[in-house]
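Below: one structure, written as structure tokens.
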């Protein structure tokens, strides 16, 4: 039962343009969402998070948007850089009930120079 | 380096053997998680500790798997009688309290031959 879904396995974007990575979730109890970036043979690296009390959180080139009614979140990277090429995972947790993180299957982003 | 440390980075074992992995979390973090990741999937939750107490275990954690965190610091994950299906990346993460993002180690790649 996949509670967090990333329906695009891959995405290619030109350097300097915007990358938009999408994530959908099914569990309405989720109240904390995170994005991780992963290079091959390494563990995931935390990028940015958002609490369900917000609809937007920004950190430099990275912005996460949360649409609770649609159970959808997205990560925007502007401008995209070749070093952003990696697999991006969306994760969610219900902090009042155990706090385990549920991950999507990832989107592989390629930024073309 | 004060990040999450996992040892060994790679482990090749014969089917039926026992293996043990170690995780040293970020020192002030009281929560420690074990995840497993297979190719093309996101990390899947196995278990988590708050201090030395193991508070939640996934259905994925069969009775061949056992995890400990004896003094609320480092943790070990043991797999007994390994099977080829146990081949995966085993990831450890730690967080501070209920509201903190999880920081991952670089993982232990297990190959069962």
Note on residue B:17: of the conditions (1) at pLDDT 95 or above; (2) surrounded by fewer than 16 Cβ atoms within 10 Å (Cβ to Cβ); (3) in a strand (DSSP E or B), unmet is (3)
Reported set for the stretch A:1-28 where residues are more than 14 Å from the chain's Cα centre (by Cα) and either surrounded by fewer than 15 Cβ atoms within 10 Å (Cβ to Cβ) or free of Cβ contacts under 8 Å to residues at least 60 places away in the same chain (or both) is A:1, A:2, A:12, A:14, A:15, A:16, A:17, A:18, A:26, A:28
Of (1) farther than 27 Å from residue A:8 by Cα; (2) within 13 Å of the chain's Cα centre (by Cα), residue B:46 satisfies every one except (1)
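Could you grab me the full set of residues in the stretch B:99-113 that are surrounded by 15 or more Cβ atoms within 10 Å (Cβ to Cβ), in a loop (DSSP other than H, G, I, E, B) and more than 8 Å from chain A (Cβ to nearest Cβ)?
Of all residues in the stretch B:99-113, those surrounded by 15 or more Cβ atoms within 10 Å (Cβ to Cβ) come to B:100-110, B:112.
Those still in the list that are in a loop (DSSP other than H, G, I, E, B) too: B:100-102, B:105-107.
Hit for the stretch B:99-113 is B:100, nothing else.
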Of B:77, B:91, B:46, B:96, the only residue that is surrounded by 17 or more Cβ atoms within 10 Å (Cβ to Cβ) and away from chain A (no Cβ under 11 Å) is B:77
Looking across the stretch B:49-70 at residues that are modelled with pLDDT under 90, assigned to a loop (DSSP other than H, G, I, E, B) and touching a strand residue (DSSP E or B) at 6+ places or on another chain (Cβ under 7 Å), the single one that is nearest to the other protein chains (Cβ to nearest Cβ) is B:58
Flagged in the stretch A:55-113 as buried (at least 17 other Cβ atoms within 10 Å of the Cβ) and touching a helix residue (DSSP H, G or I) at 6+ places or on another chain (Cβ under 9 Å), in numbering order, are A:77, A:109, A:111
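The values are calculated or read from the model by the stated rules, or taken from the named source; none is laboratory data. Everything numeric here is computed off the predicted structure, so don't read it as measured data. Positions of Cβ are generated from backbone atoms using ideal geometry, with glycine treated the same way; all protein chains shown enter the neighbour counts.
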